[in-house]
């Protein structure tokens, strides 16, 4: 059995200048509704994975659009594969890039801030359910490709390793991490 965990392509969100924290809710909404940049294509190996696997996505457009760019129109889309949401805190007098705010808010979320978003504890429970779902699908289809998101992919991968899955080594001798857009990890059991 094989589970491939791939991050979506680069979101097509346009360029955002420095913003106050009060505008981050608007940016997050835009980000969650965006597709991906179409000229930033996945590698041929990823396309082969998609052709030879049952494909699963989150319900967020960047995940589904990435699956379509992998050449898949028929995929399973489920909300528990969605990314862990970012909390937004009011931090006055500071304007920085949305990317920098995202890092700050993700760190605050890891430290326990979850105002108006799913808590870390709840996310970890969702990761267990998502991992179990992938295992069940792998038993049925043998090879599964999850087109997911950065934080959730890492947490799901870690959970699957704890459940006895192991990472394959890439042709370059390293394990894929899946931190960047279109990167993937292959887990086998």
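Please pick out the residue among 28, 13, 3 that is over 13 Å from the mean Cα position of the chain (by Cα) and part of a strand (DSSP E or B). Quick ask: steps written out before the conclusion?
Numbers: 28 fails: part of a strand (DSSP E or B); 13 fails: part of a strand (DSSP E or B).
The conditions single out 3.
If you go through the range 133-151 and keep only what is at pLDDT 95 or above and in contact with a helix residue (DSSP H, G or I) (Cβ under 9 Å, 6 or more places away or on another chain), you end up with 133, 134, 135, 143, 144, 145, 146, 147, 148, 149.
Here is the figure for the range 40-59: residues that are over 13 Å from residue 75 (Cα atoms) and out of contact with any strand residue (DSSP E or B) (no Cβ under 7 Å at 6 or more places or on another chain) total 8. Surrounded by 14 or more Cβ atoms within 10 Å (Cβ to Cβ), in contact with a helix residue (DSSP H, G or I) (Cβ under 9 Å, 6 or more places away or on another chain) and modelled with pLDDT under 90: does that describe residue 177? Yes.
Summed over the range 36-49, the residues that are in contact with a helix residue (DSSP H, G or I) (Cβ under 7 Å, 6 or more places away or on another chain) and at pLDDT 95 or above give a count of 1.
The values are calculated or read from the model by the stated rules, or taken from the named source; none is laboratory data. Being a predicted model, the structure only gives us computed values, none of them experimental. Cβ coordinates were reconstructed from backbone atoms using ideal geometry, including for glycine residues, and neighbour counts include every protein chain displayed.
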